[in-house]
Amino acid sequence: MVLLTEHDGVAPRVDPKARLAPNATVCGDVSIGPGTSVGFGAVVVAESGPVSIGADCVVMDTAVLRGVRDAPLALADRVLVGPCAYLVGCSVEEEAFIATGATVFNKARIGRRAEVRINGIVHLRTALPPGATVPLGWIAVGDPAEILPPEAHERIWKIQEALDFPRHVFGRPRPGPGESLMPEVMPRYARRLGRHRQDRTIEEERR
């Protein structure tokens, strides 16, 4: 038996030929294609935007995939998402490889057969071209992406600042020096997540 969760009145749609581990969480407006495997402890949640996973994908143990408002999450066919990876509101084209611990942020685009290696980061609104590689622990940022080592902080920030994370994720301008978004944004965000109190668990037998 597999437990699925309806959120905002929408239940996941899982192809009968997909495999879901018994303790995976699949919530809301999620579609999962044939031959795909979602591993133990993985979380796939349509928070406020849909999630679409194609055919023959592998979402490994403890990965987290989230669709959010104005940023659906879409995996094309034959994509691998490694353990502990975190993907939110991004699109990933066919045969891409997202390794252990990698992070892909809102509205990023991962091209066909691109690789984001262990602990790599693809930042907000970044376009990683087909076949590109983000090395271990490196950061892709911008459109088109620059792929930089973590010690290149000043260059990363110069590009990242213009991508405007606070406005595109929280809908607010970047605060001034010594100010914080948290007092305004966190109560609103917590209330939005509180809508999960109304979720309904669906019990479905999978053969």
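The values are calculated or read from the model by the stated rules, or taken from the named source; none is laboratory data. Quantities reported herein were computed from a predicted structural model and do not represent experimental measurements. Cβ sites come from the backbone with ideal geometry, for glycine too, and all protein chains shown count toward neighbours.
Tabulated data for the structure shown
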{"quantity": "Subset of the stretch 154-202 (residues that are touching a strand residue (DSSP E or B) at 6+ places or on another chain (Cβ under 6 Å) and surrounded by fewer than 12 Cβ atoms within 10 Å (Cβ to Cβ))", "calculated": "Arg200, Thr201"}
{"quantity": "Residues (over 15 Å from Gly82 (Cβ atoms), of a type in the set (A, V, I, L, M) and assigned to a loop (DSSP other than H, G, I, E, B)) located in the stretch 43-62", "calculated": "Ala55"}
{"quantity": "Residue in the stretch 143-160 that is closer than 29 Å to Tyr189 by Cα, part of a loop (DSSP other than H, G, I, E, B), at pLDDT 95 or above and among the small types (Gly, Ala, Ser) present", "calculated": "no"}
{"quantity": "Members of the stretch 104-133 that are buried (at least 20 other Cβ atoms within 10 Å of the Cβ), without any contact (Cβ under 8 Å) to a residue 24 or more places away in the chain and assigned to a strand (DSSP E or B)", "calculated": "Val104, Ile110, Ile121, Leu128"}
{"quantity": "Where a residue in the stretch 69-91 is within 17 Å of Asn106 (Cα to Cα) and its partner, wherever it lies, is of a type in the set (Asp, Glu) and modelled with pLDDT of 95 or more, with Cβ under 6 Å and at least six apart", "calculated": "Ala76/Glu93; Ala76/Glu94"}
{"quantity": "Which listed residue is buried (at least 18 other Cβ atoms within 10 Å of the Cβ), out of contact with any Gly (no Cβ under 8 Å at 6 or more places or on another chain) and not aromatic (Phe, Trp, Tyr), from Cys90, Cys57", "calculated": "Cys90"}
{"quantity": "The listed residue being out of contact with any helix residue (DSSP H, G or I) (no Cβ under 6 Å at 6 or more places or on another chain) and either modelled with pLDDT under 95 or among the small types (Gly, Ala, Ser) (or both), out of Asp70, Asp56, Asp61, Asp15", "calculated": "Asp70"}
{"quantity": "Residues (part of a helix (DSSP H, G or I) and either farther than 18 Å from Val122 by Cβ or under 20 Å from the mean Cα position of the chain (by Cα) (or both)) located in the stretch 161-174", "calculated": "Leu163, Phe165, Pro166, Arg167, His168, Val169, Phe170"}
